[in-house]
1. What is the one condition in (1) over 19 Å from Ile211 (Cα atoms); (2) touching a residue at least 60 places away in the same chain (Cβ under 8 Å) that Val241 does not satisfy?
2. Name the residues in the range 318-344 that are open to solvent by less than 70 Å² (accessible area, probe 1.4 Å) and touching a Phe, Trp or Tyr at 6+ places or on another chain (Cβ under 7 Å), would you?
3. For the range 107-164: of the residues being over 30 Å from Arg270 (Cβ atoms) and among the polar types (S, T, N, Q), which is most open to solvent (accessible area, probe 1.4 Å)?
4. Give the residue, chosen from Ala293, Ala269, that is in contact with a Gly (Cβ under 6 Å, 6 or more places away or on another chain) and either modelled with pLDDT of 95 or more or assigned to a loop (DSSP other than H, G, I, E, B) (or both).
5. How many of the residues making up the range 288-321 are among the β-branched types (Val, Ile, Thr) and closer than 19 Å to Ala128 by Cα?
6. Taking into account only those residues within the range 1-24 that are among the aliphatic types (A, V, I, L, M) and in a strand (DSSP E or B), which is farthest from Val105 (Cα to Cα)?
7. Could you check the range 259-273 and list, in sequence order, the residues that are open to solvent by less than 30 Å² (accessible area, probe 1.4 Å) and in contact with an Asp or Glu (Cβ under 9 Å, 6 or more places away or on another chain)?
Amino acid sequence: MSLSTSFERVSAELETPFSISRGTQTHAENVIVRVTDGGGMTGIGGAAPAAHYGDTPETVAAVLPDLLAVVEEIDDPHALAAIESRMADTVRGNPAARTAVSIAVHDLAARRLGVPLHRLWGLDPAAAPRTSYTIGLDTTERVREKTEAAVDAGYPILKIKLGTDRDRELIETVRSAAPEATIRVDANEAWSPSETVRKSEWLAEYGVEFIEQPVPAENPEGLRVAYERSALPIAADESCVTLSDVPRIADRCDIANLKLMKTGGIREARRMIAAARAHGLEVMLGCMIETNASIAAAAQLAPLVDYADLDGSLLLAADPFTGPDLSSGRIRLDADANGTGVRE
């Protein structure tokens, strides 16, 4: 078949600076992977490395030659299980790099078959939940402006970043600007267990749906305390990175938040979804700030989950790729867009 591979680094500017409790981001540094078959058909994947999980653009670029050598050696984009297994044996860490290659070969395999990826899996596109739209940490005035803009754009679900001494003020601001919106909050590990319990009580008064990762992942017992005593459901994000984490968090949260960039590949993500279901957990599919080279692939998985937070590409000033239509938060999977639906 003679598969050929390549990759490049891209820097995409964000529409506005994006802040969470750990810092501020103005650009998304992604790495784009392409896998091309002998007939000139190309699959596209993207890595959105996060230093919090040990990935950087530099480490992704450093390991991709070895990972792409696996693809060229196997020389069959339909050998998805073999490719992901061999990549995991070749590079133990660097999940974002492995995910980018996994997305590219899945995209190519489905394109060669002439079907969208969700159809290859037999999924119902109508089952995809709406994605939330994230409001990052900012001044109270800017949070109000961003909330009003999101409401005007038709986004009914807002995820609000917290983790400051102004948390209540920020939620009051969002709720007053979006009285009908579904609100979720994400503290990004910034709270203690007792703080989580205390804040959950007044967050419930504002109609918040659930709290994402309130306590540090390094404090699993603290997560259990927060889960057992919180007035709101708890979603685990930083505490749920790999498949082996799922049983560990099963009695410490209500929702497992998976991200392709944490899992190391699409097949692994599907295994994690199945494991979370088997442990009685609801499932959310999240993302980093990413181009459609990877968001498009995550959208294909959306019919399998309860909640979606796939707004990474929506936060960019301009995306070099197009993907599924996510306007107004609806994940529209085009039956005529083969593969992941990404296009250059």
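1. (1)
2. Listed by number, the residues that qualify are Ser328, Gly329, Val342.
3. Across the range 107-164, the extreme among qualifying residues is Thr139.
4. One residue alone meets the criteria, Ala293.
5. Adding up the residues that qualify gives 2.
6. Ile20
7. Passing the criteria: Lys259, Leu260, Met261, Lys262, Gly264, Gly265, Ile266, Met272.
Okay, residues lined up against (1) of a type in the set (Gly, Ala, Ser); (2) under 16 Å from the mean Cα position of the chain (by Cα); (3) within 20 Å of Asn188 (Cβ to Cβ):
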position: Glu221; (1), (2), (3): no, no, yes
position: Ala226; (1), (2), (3): yes, no, yes
position: Cys253; (1), (2), (3): no, no, yes
position: Asn257; (1), (2), (3): no, yes, yes
position: Ser328; (1), (2), (3): yes, no, no
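The values are calculated or read from the model by the stated rules, or taken from the named source; none is laboratory data. As the structure is a computational prediction, the values presented were derived from the model and not from experiment. A quick note on method: Cβ atoms are made from the backbone with ideal geometry, for glycine too, and the neighbour counts reach across all protein chains shown. In case anyone asks, the SASA skips ligands and DNA or RNA and just uses the protein heavy atoms, side chains included. Shrake-Rupley method; radii C 1.70, N 1.55, O 1.52, S 1.80 Å.
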